[in-house]
Amino acid sequence: MIISALKSNNSTDNRSPIHKETISTLINLGIEIWFEDNIGEGVNTSNEIFQELGLKKHSRNECLENSDLVITNQSLTKEEVELMKKNATILGMVNPFSNQELIETCYKSNINLVSMEFIPRITRAQKMDVLSSQANLAGYVAVIEAAKHLSTALPMMMTAAGTLKPAKVFVIGVGVAGLQAIATAKRLGARVEAFDTRDVVEEQVNSLGAKFVKIDLGETGETDQGYAKELTEEQIKMQKELQSKVCEKSDIVITTAQLFGRPAPQLIDNKTIDKMIPGSVIFDMAVESGGNVEGSQVDEIIERNGVKIIGISNLASRVSSHASLALSNNYNNWIIDFFDKDSLSINFDFEDEIIQSSVLVYGGKIMNERFK
């Protein structure tokens with residue numbers, strides 16, 4: 001069996017699906033591991049380092065044409081999938097909701113497709129959860145990047161020249177990314193407030209030393225996967241109005257609200273932005289899925305009435321080495337759980353909840369009802 005790791009085809013993504021500190025996990029399976037030339041550029045790892053560990057360097061096409069399993073951080077093109085051997089498997093972050101063509105091509109080419117975005121949120125699968133591992137790092141990066149564009153320091157400082165007040169940070173959405181943003185801002189000395197439609201996260205917010213902003217939106221809650229339920233138009237309108245008062249007095253506002261498989265809800269409009277303090281910063285972490293902030297643009301910083309609105313794609317890639325280490329462990333854990341040492345192949349056991357959720361195409365059939 002040959003497992004190949006491919007470079008990202010996105011110039012803003014420096015992450016690698018393999019990492020020098022975790023690759024021994026795959027090596028110990030007793031299989032042959034290939035990697036695309038210069039895959040470690042974004043994580044300061046040369047080809048020679050991987051080769052010394054026992055991996056084999058090949059071109060992208062050679063990896064595609066000869067591998068039984070391909071690991072990737074990005075979706076493959078139709079032409080790339082068609083190069084692969086029949087019954088081979090693609091494992092990675094493939095953004096399936098925006099890549100129906102990939103699913104159709106895998107189906108027609110008899111290529112198995114495993115979407116790591118569809119790993120279920122169950123205890124056993126936490127070690128494979130790419131969305132959480134990358135969101136955690138993204139939350140950290142959002143605070144660091146936002147602080148760079150603020151004209152004040154984050155912590156309170158008592159100096160001979162006077163006392164400098166701490167910056168006020170407001171985090172909207174307390175999932176994995178939001179919690180890390182809160183923790184990072186607190187560690188940097190900011191005064192932090194946070195809001196989420198799920199009241200059950202209030203205890204988590206308070207445990208990090210932040211203040212939970214209570215906004216009564218009526219009946220809300222979370223899905224069985226732990227995501228916030230989609231709000232009604234009336235609830236979103238109410239949320240905008242009430243959280244606007246917090247935004248007005250904040251130096252940094254970080255929005256994290258995303259809906260799995262659907263466009264992100266717009267939570268901050270120009271009316272709110274126009275009331276904010278000139279020099280303040282809004283960081284839209286949902287910019288890649290439509291954005292929480294009116295006017296935010298992918299990989300751009302725009303300014304409205306002195307307020308900077310920042311949208312950065314591939315946030316976790318800003319800390320590419322740690323992001324790659326986490327990603328590689330996520331992939332490795334999936335492979336180890338379903339690797340059959342006797343046949344040297346992946347055991348696609350559809351009685352298993354993780355296989356049921358993450359395998360979108362198998363044996364020339366589309367397995368997930370959403371994509372049929």
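Every number here is computed from the coordinates shown, using simple stated rules; none is lab data. If you're wondering where the values come from, they're calculated on a predicted model, not measured in any experiment. With ideal geometry, Cβ positions are generated from the backbone for all residues, glycine too; neighbour counts draw on all protein chains shown.
Expected output is a single nm value to one decimal: the length gained when fully extending between R370 and E48, i.e. 0.36 nm times separation in residues minus the C-alpha distance. What is it?
111.6 nm
Between helix 320-338 and the chain, what is the angle of the helix's C-alpha long axis to the longest principal axis, kept within 0 to 90° and rounded to the nearest 10?
50
Beyond 24 Å, what share of the Cα-Cα pairs of the range 229-372 is found? Please give it as a whole percent.
Roughly 52 percent, rounded to a whole number.
Whole number please: convex hull volume per residue, Cα atoms of the chain, in Å³.
147
Whole-Hz ³J(HN,Hα) for each residue in the range 20-34, computed from phi via Karplus 6.51 cos²θ - 1.76 cosθ + 1.60 with θ = phi - 60°, x for glycine and proline: what do you get?
Ordered by residue, 3J(HN,Hα) equals 4, 8, 10, 5, 4, 4, 6, 4, 5, 6, x, 10, 8, 10, 10 Hz.
Compute the angle between helix 176-187 and the longest alpha-carbon principal axis of the chain, please, reported from 0 to 90 degrees and rounded to the nearest 10.
Helix 176-187 sits roughly 50 degrees off the main axis of the chain.
Given the options I302, I172, I18, which has the most mean-square fluctuation in a GNM of the chain, springs set between C-alpha atoms less than 10 angstrom apart?
I302
Is there a pair in K20/K168; K56/K372; K56/K108; K148/K275; K237/K308 whose C-alpha atoms are over 28 Å apart, and which pairs would that be?
K20/K168; K56/K372; K56/K108, as the Cα separations exceed 28 Å there.
In degrees, nearest 10, range 0 to 90: what is the angle between the Cα axis of helix 100-109 and the longest Cα principal axis of the chain?
Helix 100-109 sits at roughly 10 degrees to that axis.
Please turn the phi angles of the range 190-196 into ³J(HN,Hα) values with the Karplus equation 6.51 cos²θ - 1.76 cosθ + 1.60 (θ = phi - 60°), one per residue in order, whole Hz, x for glycine and proline.
Working through the residues one at a time gives 6, 8, 10, 10, 8, 9, 8 Hz.
If each residue of separation counts as 0.36 nm, what is the full-extension length gain between E79 and F260 once their alpha-carbon separation is subtracted? Before the final figure, lay out the partial values.
On the way: separation 181, 0.36 × 181 = 65.16 nm, distance 2.77 nm.
Using 0.36 nm per residue and subtracting the Cα-Cα distance, I get 62.4 nm.
How much net charge surrounds T105 when only the other residues with a Cβ under 10 Å from the Cβ of T105 are counted, with Lys and Arg +1 and Asp and Glu -1?
Taking every other residue near T105 into account, the sum is -3.
Can you list, largest first and rounded to whole Å, the semi-axes you get for the range 16-62 by taking the square root of 5 times each eigenvalue of its Cα gyration tensor?
Listed largest to smallest, the semi-axes of the range 16-62 are 16, 13, 9 Å.
Please report the projected area of the range 312-367's Cα convex hull averaged over all directions, in nm².
Taking a quarter of the hull surface, the average projection is 5.6 nm².
Mean-square fluctuation check for the chain, GNM, Cα pairs under 10 Å: which of K57, K127, K275 is largest?
K275
Rounded to two decimals, what is the ratio between the C-alpha radius of gyration of the range 1-128 and 2.2 N^0.38 Å?
In units of the globular-protein estimate, the range 1-128 measures up at 1.03.
Multiply the residue gap between K165 and E104 by 0.36 nm, knock off their C-alpha separation, and tell me the result in nm, one decimal place.
Extending this stretch completely gives an extra 16.4 nm.
Helix-only mean residue ellipticity at 222 nm, the chain, DSSP H runs n ≥ 4 weighted -39,500 (n - 2.57), per residue, nearest 500. What is it?
Helix contribution divided over all residues of the chain: -9000 deg cm²/dmol.
Restricting everything to alpha-carbon atoms, can you work out Rg to Rh for the range 136-318 with a Kirkwood hydrodynamic radius?
0.95
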